[in-house]
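Peer 1: Here's a structure for you.
The values are calculated or read from the model by the stated rules, or taken from the named source; none is laboratory data. None of these values were measured; they are calculated from a predicted model. Cβ atoms come from the backbone with ideal geometry, glycine included; neighbour counts cover every protein chain shown. Just the protein is used for accessible areas: all its heavy atoms, side chains included, with ligands, DNA and RNA removed. Shrake-Rupley method; radii C 1.70, N 1.55, O 1.52, S 1.80 Å.
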Amino acid sequence: MTWEYWLFALPGILLGLYAQMKLSSTYNRYIREPVASGLTGAEAAREILDRAGLTNMPIEEVGGHLTDHYDPRKKALFLSSENYRSRSLAAVGVAAHEAGHALQHKDAYAPLHLRMMLVPVTQFASSASIGLMLLGFVLGMAKIVLAAVVIFAIIALFQIITLPVEFNASSRAKVQLLDLGIVQPQESHAMSRVLSAAALTYVAAMLQAVGQLLYFLALFNRSRD
Ligand SMILES: [Zn+2]
């Protein structure tokens, strides 16, 4: 690790730390802020799914903090206990965001499908990146740099495609929550803050991945001189 590595890596790492702090402070604030409609996260997600005709899609409670996600293979929504049960702006916002991913899936939203296709490739790239240093002893420096460029290009591409998927899920969530009257217009600003804070963590992850890619690209360019 040279100073040059940190030059590329530091912006993403710093934004990542800031995004984590921002998310936990915003979430902790709005998980205590009751939503006027009085719905739990699970009830809000149920209404959104039902309205879209996804009446058979299960909504399950899972352990852990902010472990909420939509599983496109199981076609099911998983909400952390906090968001499943709480009748707060944060819970309703996060749950609606996950329901937004289910709506994307139903509408065959192209970036979501591209992201799903990239999942196995990205998983392979991530494990390969760990083995990269070991591989270096076998391959020699020039080839290992090239391998790193390919691996981090895949990871960066995945993180870039994640952005429209996440922003679109949040905008679908806001529209649905307001349309269904689950969130009142005067509450929507607060809910947007929770969703924006969550989105920032994805921007940071993208910046980290691009920073790593640029670093190895710079190394690769130099190795050819
Ligand atoms: Zn999401």
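Peer 1: Yes or no: region 130-139 includes at least one residue that is in contact with a helix residue (DSSP H, G or I) (Cβ under 8 Å, 6 or more places away or on another chain), among the small types (Gly, Ala, Ser) and at pLDDT 90 or above.
Peer 2: So far as region 130-139 goes, no, none of its residues is in contact with a helix residue (DSSP H, G or I) (Cβ under 8 Å, 6 or more places away or on another chain), among the small types (Gly, Ala, Ser) and at pLDDT 90 or above.
Peer 1: Then there is this: In region 195-225, which residues are closer than 13 Å to residue 146 by Cβ and either touching an Asp or Glu at 6+ places or on another chain (Cβ under 6 Å) or of a type in the set (S, T, N, Q) (or both)?
Peer 2: Of everything in region 195-225, those that are closer than 13 Å to residue 146 by Cβ and either touching an Asp or Glu at 6+ places or on another chain (Cβ under 6 Å) or of a type in the set (S, T, N, Q) (or both) turn out to be 221, 223.
Peer 1: Can I ask one more? Since residue 108 meets every condition but one in (1) part of a helix (DSSP H, G or I); (2) surrounded by fewer than 21 Cβ atoms within 10 Å (Cβ to Cβ), which condition does it not meet?
Peer 2: (1)
Peer 1: Just give me the residues in region 157-196 being of a type in the set (A, V, I, L, M), within 13 Å of the ligand (Cβ to nearest atom) and buried (at least 18 other Cβ atoms within 10 Å of the Cβ), in sequence order.
Peer 2: Those that are of a type in the set (A, V, I, L, M), within 13 Å of the ligand (Cβ to nearest atom) and buried (at least 18 other Cβ atoms within 10 Å of the Cβ): 161, 165, 169, 173, 194, 195.
Peer 1: Another one. Going by the structure shown, is residue 154 touching a residue at least 24 places away in the same chain (Cβ under 8 Å) and open to solvent by 60 Å² or more (accessible area, probe 1.4 Å)?
Peer 2: no
Peer 1: So the check is Cβ under 6 Å with 6+ separation or different chains; which pairs have a first residue in region 57-82 that's aromatic (Phe, Trp, Tyr) and a second one that's open to solvent by less than 50 Å² (accessible area, probe 1.4 Å)?
Peer 2: 70/77; 70/98; 70/101; 70/102; 78/62
Peer 1: Mind counting the residues in region 65-94 that are within 15 Å of the ligand (Cβ to nearest atom) and more than 18 Å from residue 36 (Cβ to Cβ)?
Peer 2: Residues in region 65-94 being within 15 Å of the ligand (Cβ to nearest atom) and more than 18 Å from residue 36 (Cβ to Cβ): 12 in total.
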